[in-house]
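Enquirer: Dropping a structure here in structure tokens format, bear with me for questions.
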Amino acid sequence: MAGGGEDGKSSWPWPPDGPPDNPLHSLGMEFTTITAGEVVGRLLVTATCCQPFKVLGGGVSALMAEASASIGGYIASGYRRVAGVQLSINHIWPAHLGETVQAQAKPIQLGRIIQVWEVQIWRIDPSTSECKDLVSTARVTLLCNLSTPEDMKHYEQDDLLTLHVGNEKMASDRKELIT
């Protein structure tokens, strides 16, 4: 999971002692960047996430896409509750057992009620650690005006961006993305 280090690559405050997404964490996904403008995570394709033909299951790709967009949407909305209302995913190229894939989510539109995110999932070249082949591309629509459970309301403060990130630039980036 991405930490709140000085590299400016994370602004994830919740849960402070747990992973950003429990189902993906159980599959082995590790997030390397978590911000309001980008979420990136990598997953080793293991037998747990493969179809019988030893390729990454489409449902796992969909989970990676929706969770990555939702994590970014949560931060971009000022740590308010978000929910995926539409997911469209195209599977372009297989990722085989033993390969590593990377999901990269970026916002297309950040509104106060609706956000739209694009997520690309790439096979990683093991010799260079760079994106090689596009595995899937997805568009995720999030609803952002949901009521927040009482035990989570203390995360809804606009100041939280600065408090948890320790980076004034992130707060200004979020405002630019929303306007």
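Enquirer: With an 8 Å cut-off on Cα pairs and a minimum separation of 6 or more residues, tell me the relative contact order of region 6-148 in percent.
Expert: 24 percent
Enquirer: At 7 Å along Cα-to-Cβ for each site, give me the label-to-label distance between Ile113 and Cys131 in nm.
Expert: In this crude label model, Ile113 to Cys131 measures out at 3.2 nm.
Enquirer: Another one. How many angstrom lie between the Cα centre of region 74-105 and the Cα centre of region 19-37?
Expert: 10 Å
Enquirer: Here's a follow-up. What accessible surface, in Å², does a 1.4 Å probe find on Lys54, ignoring ligands, DNA and RNA and rounding to the nearest 10?
Expert: Looks like 120 Å² after rounding.
Enquirer: Need one number: the % of Cα-Cα pairs in region 12-105 sitting beyond the 21 Å mark.
Expert: 31 percent
Enquirer: By how many nm would the segment from Ser147 to Ile92 grow when fully extended, if each residue of separation counts as 0.36 nm and the alpha-carbon distance is taken off?
Expert: 16.1 nm
Enquirer: Between His25 and Ala47, what FRET efficiency comes out of the Förster formula 1/(1 + (r/R0)^6) with R0 = 22 Å and r the beta carbon distance, rounded to 0.05? Can you show the working numbers first?
Expert: Numbers: r = 17 Å, r/R0 = 0.79.
That gives a FRET efficiency of 0.80.
The values are calculated or read from the model by the stated rules, or taken from the named source; none is laboratory data. Being a predicted model, the structure only gives us computed values, none of them experimental. Quick reminder, even Gly has a Cβ in these numbers, built from the backbone with ideal geometry, and neighbours come from all protein chains shown. These area figures cover heavy atoms from the full protein model, side chains too; ligands, DNA and RNA do not enter into them. Shrake-Rupley method; radii C 1.70, N 1.55, O 1.52, S 1.80 Å.
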